[in-house]
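Structure record follows, encoded as structure tokens.
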Amino acid sequence: MAMKNRLVDALPLPAVLLGSDGRVVAMNSLAKTVFGLRIEGLHFMSAFRQPALLEAIDSALRDGGQTHAPYLAKDARGDIALEATCGSLGPDAGLLICLEDRTATKAAGQMRRDFVANVSHELRTPLTALLGFIETLRGAARDDPEARDRFLGIMEREANRMTRLVTDLLSLSRVEAEERVAPTEPVDLAGVARSVLATLEPMAREGGIDVQTTGLDQPVVVRGDSDQLAQVVTNLVENALKYAGDGGRVDLTLN
């Protein structure tokens with residue numbers, strides 16, 4: 001029994017050892033934080049209570065092999081989602097239950113689903129507008145130059161909006177693909193910032209916004225991806241211009 005306790009304690013995951021009779025004979029400290037301190041000696045039907053885990057344990061004890069089941073618990077963070085792996089130790093030898101925290105994975109999956117839904121909505125709105133304007137231009141506004149020019153201007157803005165959204169999606173996809181790859185190329189961050197400001201100058205001029213810069217006259221060399229750095233600076237400056245208001249001022253400082 002002492003050896004079994006030491007083996008269970010050595011596992012890096014919450015682990016519970018059941019005897020061949022289905023009773024808890026050992027558990028490590030990690031498992032005690034999940035299940036509590038009072039389940040040792042209890043039959044698994046009384047110790048765990050969640051139907052999915054009970055079914056997985058019963059199946060592994062009866063048929064051998066491994067089974068898996070979700071297990072919901074609580075800790076200081078709130079609800080946590082665990083996956084239990086129930087592995088038979090052989091005929092009449094008992095069962096080992098290990099639990100892996102899947103909370104972050106499930107949260108990331110939900111975030112991705114929400115993101116896809118939001119992007120779909122953002123794309124559907126301008127596409128619906130474009131289709132409506134195309135239908136109008138082919139019909140009622142076919143011979144109306146003034147209406148045609150107005151609709152074409154709106155269509156251009158909506159198309160640019162979709163283009164920016166798709167560009168952002170492609171950038172995000174590239175960032176995810178390369179997130180574990182450290183950049184090695186030297187990039188002049190000051191040059192990137194100057195290029196971004198030149199691109200956004202019409203936006204600043206249209207809003208009458210005074211853009212002041214500091215530290216952009218000398219090269220500032222860093223290791224990075226020039227496209228990703230340009231996207232970051234573009235997002236920052238675009239937001240600053242949007243919230244500066246007509247006749248406002250934006251300061252861009254590079255230390």
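Straight-line reach from K242: which aspartates and glutamates have Cα under 17 Å away, leaving out those fewer than 8 places along the same chain? Reachable aspartates and glutamates: E201, E206, D210, D251. Here's the picture: charge each Lys and Arg Cβ at +1 and each Asp and Glu Cβ at -1 in the range 51-150, and of A107, T125, A84 the one pushed furthest to the positive end of that dipole is T125.
Relative contact order of the chain: 11 percent, from C-alpha pairs under 8 Å at least 6 residues apart in sequence. Accessible surface for the chain, divided over its residues, is 65 Å² per residue with a 1.4 Å probe. Longest stretch of the chain clear of exposed loop sites (trypsin sites (Lys or Arg not before Pro), DSSP loop, at most 14 other Cβ atoms within 10 Å, sites excluded): 181-255.
A value for Cα Rg over 2.2 N^0.38 Å was derived from the coordinates, and within the list (i) 1.67; (ii) 0.97; (iii) 1.07 it appears as (i). With the simple spin-label model, which puts each label point 7 Å out from Cα in the Cβ direction, the E146 to L131 separation comes to 3.0 nm.
For the chain, the carbon plus sulfur part of the accessible surface works out to 54%, probe radius 1.4 Å. Scanning the chain for long hydrophobic helices, with DSSP H runs required to stretch 15 angstrom or more by C-alpha along their axis and to average at least -0.5 on the Kyte-Doolittle scale, returns 51-63, 103-138, 145-177, 189-206, 226-244.
Would you rank D168, D225 by solvent-accessible area, highest first, keeping every protein chain in place and using a 1.4 Å probe?
Reading off the accessible areas and sorting them downward yields D168, D225.
Mind checking which of G19, I57, L42 is farthest towards the positive end of the range 1-78's charge dipole, using Cβ charges of +1 (Lys, Arg) and -1 (Asp, Glu) about the Cα centre? Ranked along the dipole, the leading option is L42.
Grab the DSSP H runs of the chain that are 4 residues or longer, score each as -39,500 (n - 2.57), total them, divide by all residues and round the 222 nm result to the nearest 500 deg cm²/dmol.
-18500 deg cm²/dmol
Net charge in the neighbourhood of I39 (other residues with Cβ under 15 Å of its Cβ; Lys, Arg +1, Asp, Glu -1) is +2. Summarised as an ellipsoid, the range 2-132 has semi-axes of 41, 16, 12 Å, derived from the eigenvalues of the Cα gyration tensor scaled by 5 and square-rooted, with the largest first.
Most simply put, the chain has about 85% antiparallel DSSP beta bridges, counting only bridges with both residues inside it. Once C-alpha pairs closer than 8 Å and six or more residues apart are averaged by separation and normalised to the residue number of the range 37-132, the relative contact order reads 17 percent.
The values are calculated or read from the model by the stated rules, or taken from the named source; none is laboratory data. Keep in mind the model is a prediction, meaning the values are calculated, not measured. Every residue, glycine among them, receives a Cβ derived from its backbone with ideal geometry; neighbour counts consider all protein chains shown. The area values use the complete protein model at the heavy-atom level, side chains included, leaving out ligands, DNA and RNA. Shrake-Rupley method; radii C 1.70, N 1.55, O 1.52, S 1.80 Å.
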